[in-house]
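Written out below as structure tokens is the structure these notes cover.
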Amino acid sequence: MAAVEESFKSISAAEFFYKNKEIAGFSNPARALYQTVRELVENSLDATENYGILPRIKVSIREMEVVPEGAYYEVIVEDNGVGIPPKYVPQAFAQLLFSSKYVLKQSRGMFGLGAKMALLYAQITTGQPAEVVVAPIKSKRVYGFKLKIDIGENRPVVLGFSTTSNISGTHGTSVRLITLGDWSRSKQRIYEYMKRTAIVAPYAEILFRDPEGNYLLFERSIEKLPPPARETLPHPHGVDIETMKSVLKSMPNSPLAETLVKSFQGVGTATALRILEEARLDPEKMSGDLAEQEVEALVRVMRSYRDVKPPRADHLSYLGEEIIVAGLKKVFEPEFVAAVTRRPSVYEGHAFVVEAGVAYGGKVPVADRPLVLRYANKIPLLYDEGSDVVFKIIDEKRGIDFKVYEVEFPAPLIILTHICSTKIPYKGVGKEAVADVPEIEEEVEAALRGVLRELRSYILRKRRELEEVERAVEIAKYIPEVASSLSKMYGVDPREVSVKLLEMLNSRLRSFKIADLGSVVV
Amino acid sequence: MSTGGYTTRVDAGARERALKILHEKFYDVLKDVVEGRVPRLVIKKRTLSNTIYDPERKLLLLGDATFERSFLDLREARKFMQTMLMASIIYEALTQGEYPTIRDLYYRGKHTIRYRKIPSKAVGEENTWDEQAESDSVLRDIEVFINVLREEMLVLSKEKGKVVGDLRIRSGDDVIDLSKMGHGAYAIEPTPDLIDFVEVNADFVLVVEKDAVFQQLHRIGFWKRYRAVLVTSAGQPDRATRRFVRRLNEELGLPVYVLTDSDPYGYYIYSVFKTGSITLSYESERLATPRARFLGVMMTDIFGSRKLGKSPYLSEEERRSFIIRAKERDVKRAKELREYPWFRSERWQIELDEFLARRVKLEIEALASKGLKFLADRYVPEKIEVGDWID
Ligand SMILES: Nc1ncnc2c1ncn2[C@@H]1O[C@H](COP(=O)(O)OP(=O)(O)OP(=O)(O)O)[C@@H](O)[C@H]1O
Ligand SMILES: [Mg+2]
């Protein structure tokens, strides 16, 4: 057998994702169209609400040309966000793994991939460049770019650039792509995505034009934005060797104790000294002088150090009960709605907050199972629901028993869960399912049980009220008969007797009154 | 007050009395309504636990336990409505000079209430009452509540008691001679209180449970020969028969002897005449005849009794052909009777123990089969003569 010479080579990030599009959600034309809309809308929401701007977003999809695999569509997403400084635009949109969101601060974006994957897919299916127009906040000018990606080199290729003066003083970003898609097979998902986005963003105004020419407007129903997230320092429990090395490298000439205090949250001088003592390290030693084993020892001690405050949640931007309630009310017009925001919790050193909402009755459709709306960092999760942590919690056989909460299916029940964290344990970069980390699972379950308890007391109260109404009718229906009997024996006016008896009955009812006997007696 | 042209003077008086009480007693309901109080009726309970045996007066009486029927009480609202409805129907019948039967009352009150449910708005339908048992039940409540029996309210029911004997009575505007009934008999009217005794030639009353035996005794002229008033209840005695017998005893001073089958059901019929019935104990006061005597047929008549020094009326051979094996339920019933306070006397315990030991029973017809003459000319007169009855 002849020896085969193995050939080794390295590929760029762009090439890797070009070859593995499906791990970012671009597996076929239908899914790609949905993913394109999603990535662009999420960037727009990040660019607005994270900076205290009430979002106003326009999404338009137009069919350009029918092809065997589907059709070419023009996708335009436009926002009133902060925009992007022109010098970063090419990289932000045409260089994979370039992002402003690689910081410890919650946002929808996380990987530095979304916009680029949309561009890449458009480019390889239609060959058309992307057009990006930005008006950075307070900028006197508006900048236009025509961009493509050099896949082999993972570099932006700027095919055109133009600039005009910003006469109206607007700000924001507009992205236009021509991409391969399949509207008929993604229509339902895209609509669902829009609707679910609107539920947790009742403070946003979103106008959607679909390829059939229909317009759908989600109006703003609340003027309140969730509190913006602030960037935060890493927590000692979440540190690893790489993070530690880069921290030490960033301040090589400061003593170890000072570096720890300045680079980690929850670490004061006293804590720093105790950590270093446990790791047998000299607090005065310069940070740049640590040997490999010393770094490892320090990380080991820090990850397991007990006496430190749990991670702070300043960098998290959860929705809050008011927004969840407003969103569910606006979209479903339910009879009952409740929401709970749990206190921050931690897994592997990452703070996270879980929220849950419940909507019941009213226009909520009756179904055999609860309709589950999953969110992570305000992103609706639509695919892969079976493998999501939430589904494990409400699993029919092993999960929460809804009967305990007085809900018997079929029932009109919607459940909403929202997990926020700077590090959501997604099962893929397509951001569709959250892994079942025990700490998160516990919190989600507690949040769900919390809202379900509120639902239960509502259902019980309503049932009591209904029973009271029924009981009242059971008595009221006899009033005319009793009145007429008394009238026959004593010549009194039966109407007067009826009125008296009804008054008496009403004075005993707590939740409602029978306005007049005519509503009961036929 | 209008009374119909067919009504006699006696009836008119009864009407007026009943109307007055009905009007007064239910007036409280109206007052409650007018003054803004929840209308309610406080009525004595007609339950076994509220049935008390008064050993002094030898009567089954209604105890003092009451229950409240309030209109705003969900469980009582329907019954309250029915009670008021029944009261108004009786009231109208009384003022209009009518004689409704209990079945008439049922039909007069029965109609459909249509109502709308909340919140479903579905129309529900419900009858004021569905079965006569329901209207009968509230009628009994009214009797207890106003302490007036339905006969006194001129409410009739089908009565089956009959009487013959040398006496003349006034019923309505007619005088009837009960010795001139031919082979028939006078059917006791549903309102025996409105009967006047005009003339009586009799020494005692014999009440026979069985209609057939009554007829046999009537045909051979028993009542003439022994100066008796002969009565039959034709089974379980109805109220009119009981009231009539009571009046014969109380007003005319005639001793009353009761002749029934020799089995627990026969014994109980006697006790209904004497002390009253458990389910209708409120009537005992007016219907029971506490001095009524049980003449037979006794177990000791059949088997004799060494303890009582009594020889049997039946020979060994006759016993073999006449007596019947008691059924399981007869035994069960006998055991119940043995526990009733009014059967606790030593004399009754002997009879019941004998029954339970022998587990056989005997119908009065069997004595007639032995010979009608035996029954009429020996058994009955002899037992009365020697005082072989139970008090
Ligand atoms: N509409 C926009 N307005 C302002 N900045 C934007 C907009 N779209 C993209 N950006 C900038 O471009 C960067 C890259 O966006 P991209 O969607 O590729 O990655 P990401 O949002 O950081 O992460 P993810 O892959 O999770 O979406 C963002 O980090 C943001 O700084
Ligand atoms: Mg993004």
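The values are calculated or read from the model by the stated rules, or taken from the named source; none is laboratory data. All values derive from a computational prediction rather than experimental measurement. Glycine gets a Cβ as well: all are built from the backbone with ideal geometry, and neighbour counts include every protein chain shown. SASA here: full protein model, heavy atoms, side chains in, ligands and nucleic acids out. Shrake-Rupley method; radii C 1.70, N 1.55, O 1.52, S 1.80 Å.
List of remarks:
- Positions within region A:54-81 being more than 29 Å from residue A:153 (Cβ to Cβ), buried (at least 21 other Cβ atoms within 10 Å of the Cβ) and β-branched (Val, Ile, Thr), in sequence order: A:57, A:59, A:61
- Residues in region A:268-288 that are closer than 18 Å to residue A:309 by Cα and open to solvent by less than 10 Å² (accessible area, probe 1.4 Å): A:272, A:275, A:276.
- Here A:98, A:93 are screened, and the one residue that is at pLDDT 95 or above, within 16 Å of ligand 2 (Cβ to nearest atom) and more than 14 Å from chain B (Cβ to nearest Cβ) is A:93.
- Just one of the listed residues (B:113, B:142, B:118) is of a type in the set (Val, Ile, Thr) and in a helix (DSSP H, G or I), and it is B:142.
- Matching option when the condition is open to solvent by 20 Å² or more (accessible area, probe 1.4 Å) and facing another protein chain (nearest Cβ under 10 Å), among B:110, B:121, B:160: B:121
Conditions (1) among the basic types (Lys, Arg); (2) modelled with pLDDT under 95; (3) in a loop (DSSP other than H, G, I, E, B), marked per residue:
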{"residue": "B:36", "(1), (2), (3)": "no, yes, yes"}
{"residue": "B:61", "(1), (2), (3)": "no, yes, no"}
{"residue": "B:78", "(1), (2), (3)": "yes, no, no"}
{"residue": "B:91", "(1), (2), (3)": "no, no, no"}
{"residue": "B:98", "(1), (2), (3)": "no, yes, yes"}
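- Test: residue in region B:77-98 that is within 20 Å of residue B:286 (Cβ to Cβ), surrounded by 16 or more Cβ atoms within 10 Å (Cβ to Cβ), more than 9 Å from chain A (Cβ to nearest Cβ) and not polar (S, T, N, Q): yes
- Where strands (runs of 3 or more DSSP E) fall entirely within region A:330-414, those with at least 1 residues that are under 15 Å from the mean Cα position of the chain (by Cα) are at A:336-341, A:350-360, A:371-376, A:379-381.
- Filtered residue count, region B:303-357, keeping only those that are touching a strand residue (DSSP E or B) at 6+ places or on another chain (Cβ under 7 Å) and not in a helix (DSSP H, G or I): 5
- Strands (runs of 3 or more DSSP E) wholly inside region A:129-226 containing at least 2 residues that are within 16 Å of ligand 2 (Cβ to nearest atom) and within 16 Å of residue A:38 (Cβ to Cβ): A:172-181
- Residue in region B:207-219 that is assigned by TED's automatic domain parsing to the domain that holds residue B:381, at positive phi and surrounded by fewer than 18 Cβ atoms within 10 Å (Cβ to Cβ) present: no
- Among residues of region A:89-107 that are closer than 23 Å to residue A:380 by Cα, those with a Cβ under 8 angstrom from a residue that is more than 13 Å from ligand 2 (Cβ to nearest atom) and in a helix (DSSP H, G or I), sequence gap 6+ or separate chain, pair up as A:97/A:13; A:100/A:88.
- Odd one out for residue A:480, checked against (1) closer than 30 Å to residue A:341 by Cβ; (2) within 14 Å of chain B (Cβ to nearest Cβ); (3) touching a strand residue (DSSP E or B) at 6+ places or on another chain (Cβ under 7 Å): (1)
- Residues located in region A:495-522, provided they are assigned to a helix (DSSP H, G or I), open to solvent by less than 50 Å² (accessible area, probe 1.4 Å) and either in contact with a Phe, Trp or Tyr (Cβ under 9 Å, 6 or more places away or on another chain) or in the same structural domain as residue A:466 (by TED's automatic domain parsing) (or both): A:497, A:498, A:501, A:502, A:504, A:505, A:506
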